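Enquirer: Quick one: the structure is below, and I'll ask about it shortly.
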Amino acid sequence: MTQSQLDLINRLEFQLSLLKLSTIPGPNGSGISEHLAQQARQLEEMVDRLTVPGCG
């Protein structure tokens with residue numbers, strides 16, 4: 001895996017962690033919107049494809 005691929009994976013994993021943090025309900029009980037949940041799933045799928053050997 002090249003350095004640029006590793007950098008991309010690290011960036012995507014960081015973005016995914018931020019999205020996961022946004023799923024924590026706020027003080028007024030508001031949760032994550034469906035749009036953010038969909039983005040989190042798409043980002044997680046991209047990270048999975050990039051980190052699985054022989055894929056991507």
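Enquirer: Check off (1) open to solvent by less than 90 Å² (accessible area, probe 1.4 Å); (2) modelled with pLDDT under 85; (3) part of a helix (DSSP H, G or I) for K20 and give me the number that stays unchecked.
Expert: Single failed check for K20: (1).
Enquirer: Which of (1) open to solvent by 70 Å² or more (accessible area, probe 1.4 Å); (2) polar (S, T, N, Q); (3) at pLDDT below 75 is the odd one out, the single condition Q39 does not satisfy?
Expert: Checking Q39 against (1) open to solvent by 70 Å² or more (accessible area, probe 1.4 Å); (2) polar (S, T, N, Q); (3) at pLDDT below 75, the one that fails is (3).
The values are calculated or read from the model by the stated rules, or taken from the named source; none is laboratory data. Please read these numbers as outputs of a predicted model, since none were measured by experiment. Remember, those area values only see protein heavy atoms, side chains included, never the ligands or the DNA or RNA. Shrake-Rupley method; radii C 1.70, N 1.55, O 1.52, S 1.80 Å.
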